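The values are calculated or read from the model by the stated rules, or taken from the named source; none is laboratory data. It should be emphasised that the depicted structure is a prediction, and the values quoted were computed from it without experimental measurement. Ideal geometry is used to build each Cβ from the backbone, glycine not excepted, and the neighbour counts take in all protein chains shown. Heads up: the accessible areas ignore ligands, DNA and RNA and are worked out on the full protein's heavy atoms, side chains in. Shrake-Rupley method; radii C 1.70, N 1.55, O 1.52, S 1.80 Å.
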Amino acid sequence: MGEAGALVLFGITGDLARKMLLPALYRLSADGRLDLPIIGVAKTDLDLHGLREHAREACGGVRDAAFEQLAGNLRLVTGDYRDPATFKALREETAGKGFLVHYLAVPPSLFSPVAEGLAAEGLNRDARLVVEKPFGEDLQSARELNGELLRHFDEDHVRRVDHFLGKEPVEDLMVFRFANTLLEPIWNRSHIRSVQITMAEDFDVRDRGAFYDANGTIRDVVQNHLLQLLAILAMDPPPSTDARAQLDEKWRVLRAVQAIDPADVVRGQYDGYLGTDGVRAGSTTETYVALRAYIDNWRWAGVPWCIRSGKGLPTTDLEIVAELHRPPVTMFGVDGAPDSPNLIRFRLQPDAGVTFDLLVKEPGRQHARPVPVSVDFTKVLGPMQAAYERILTDAVSGDPRRFARFDLVEESWRIVQPVLDLPETPLPYAKGSWGPEPAAQIAPGGWHEISTTFD
Ligand code: BG6
């Protein structure tokens, strides 16, 4: 599995490339971490000069040596992704460049045609295929799509992007769990009462109406990003540090997650969603979901894993709260109420860090009060790399650990399959609220408030 001789970027003039990939490539060039030919493929009127200017704009109008290096590495092949001539031209452009990484930043309906076009020109040999999400729209279609890709590339040469796996704070969860003896012994059903994962976004579907309406929250972020988080939080320690051992453990825990029961789900749709461009009249697509999952293994049996996510919520935050069991006897409760539970909060976005809610004695009284003990990772450790910088680095180097192996993707679809396309109309909620009221019942004892910031 070689280091790449060239990166072929399908969809180089598209949205994802403009917002994420080109800026990440620029930062990697600036840090001296990526210097190789980048062959853009697109159906576009731009010529190479135009592409370079487009890239400059995507990188914030920069005029420096790093950008000149990136621009010097850019090439362009134009044409339709279903036209064999496009792939002939690509073969000529890539001749003699060695191992190729084909990065497909294009709609999923084009994954198979592109893989086929590449194979027709022999560009699937000595090459890796990297595909963006979504990977399928349910269990069946994911299997079909995978079958189509595996006709031309073997599993070892396919990488499925889940950009959450490129986020440093996500990876930090693993370090936190497995490098700190303080945590690992309590990380199980004997000590943890429930786990809550909240991914809130304070913006609506914006100009992505058509895409979003065909997907909804469960497909858009639960099946992939949030179940990946659950896997990292719930898995057993891998027997070694190699990528395969980690992926195997994630798979093992996902295998143990029960398929979601529709009775454990509340779906919502924010008021005004139906008026969005691209949204179907009377659409029952959810823009909010709260659900409860259970893991049938010795570590987690009976512990509810509560996940909620939505657009149009009060904040943009990604936070995990593990609630520990209360002590067996209340000794310091206020007016006979039980002591508050200890909480461990992993904050992943917008800032990253951890907070322990510990109980301390209130001065002058025999009562205990929770106080937060927090660390802001950025303050202590400095800035982090952006997710796409790490994804692109791994796409080029071939390290599979920050990608979604197909058996994990398959398990994730199995888990959400019973709650995809539920016939009931989602419950309405006002933008800026925390979703429909019945969602409160999904988390036993209610959802913990999100910690707003470290300051
Ligand atoms: C994408 C979803 O995969 O992730 C979006 O399609 C969502 O709807 C986004 O907003 C969130 O990613 P990030 O990295 O901005 O938190």
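Observations on the structure shown:
- Residue within the range 235-253 that is more than 30 Å from Thr276 (Cα to Cα), among the aliphatic types (A, V, I, L, M), open to solvent by less than 20 Å² (accessible area, probe 1.4 Å) and within 16 Å of the ligand (Cβ to nearest atom) present: no
- Any hit, the range 35-52, residues being farther than 19 Å from Thr78 by Cβ and open to solvent by less than 20 Å² (accessible area, probe 1.4 Å): yes
- Ser309, sole failed condition from (1) within 16 Å of the ligand (Cβ to nearest atom); (2) of a type in the set (Gly, Ala, Ser); (3) open to solvent by 10 Å² or more (accessible area, probe 1.4 Å): (3)
- Where Thr217 falls short, out of the listed (1) in contact with a helix residue (DSSP H, G or I) (Cβ under 7 Å, 6 or more places away or on another chain); (2) within 11 Å of the ligand (Cβ to nearest atom): (1)
- Any hit, the range 60-67, residues being open to solvent by less than 30 Å² (accessible area, probe 1.4 Å) and within 20 Å of His102 (Cβ to Cβ): no
- Out of Pro314, Pro341, Pro304, one residue alone is out of contact with any helix residue (DSSP H, G or I) (no Cβ under 6 Å at 6 or more places or on another chain), crowded, with 16+ Cβ neighbours inside 10 Å, in contact (Cβ under 8 Å) with a residue 60 or more places away in the chain and under 30 Å from Tyr273 (Cβ atoms). It is Pro304.
- Summed over the range 137-163, the residues that are over 19 Å from Ile415 (Cα atoms) and not aliphatic (A, V, I, L, M) give a count of 11.
- Subset of the range 163-183 [under 25 Å from Ala404 (Cα atoms) and exposed (fewer than 15 other Cβ atoms within 10 Å of the Cβ)]: Val175, Ala179
- Filter pass, Ile295 being farther than 21 Å from Trp434 by Cβ, modelled with pLDDT of 95 or more, buried (at least 22 other Cβ atoms within 10 Å of the Cβ) and not aromatic (Phe, Trp, Tyr): yes
- Unique residue being at positive phi and in contact (Cβ under 8 Å) with a residue 12 or more places away in the chain when the list is Gly60, Gly96, Gly117: Gly60
- Taking the criterion of being part of a strand (DSSP E or B) and within 21 Å of Val175 (Cα to Cα), the residues of the range 342-371 that qualify are Leu343, Ile344, Arg345, Phe346, Arg347, Leu348, Gln349, Gly353, Val354, Thr355, Phe356, Asp357.
- Residues in the range 160-179 that are more than 16 Å from the ligand (Cβ to nearest atom) and under 22 Å from Ala4 (Cβ atoms): none.
- Out of Thr355, Thr393, sole residue that is in contact (Cβ under 8 Å) with a residue 12 or more places away in the chain, away from the ligand (no atom under 16 Å from the Cβ), buried (at least 16 other Cβ atoms within 10 Å of the Cβ) and under 15 Å from Lys167 (Cα atoms): Thr393
- Boolean, Ser141 is out of contact with any helix residue (DSSP H, G or I) (no Cβ under 7 Å at 6 or more places or on another chain) and either within 16 Å of the ligand (Cβ to nearest atom) or open to solvent by less than 50 Å² (accessible area, probe 1.4 Å) (or both): yes
- Residues in the range 187-214 that are open to solvent by less than 10 Å² (accessible area, probe 1.4 Å) and within 11 Å of the ligand (Cβ to nearest atom) were compared, and the one that is nearest to the chain's Cα centre (by Cα) is Ala200.
- Wholly enclosed strands (runs of 3 or more DSSP E) of the range 253-337 bearing at least 2 residues farther than 20 Å from Leu427 by Cα: 317-324
- Residues being open to solvent by 40 Å² or more (accessible area, probe 1.4 Å) and touching a residue at least 40 places away in the same chain (Cβ under 8 Å) - total across the range 255-292: 12
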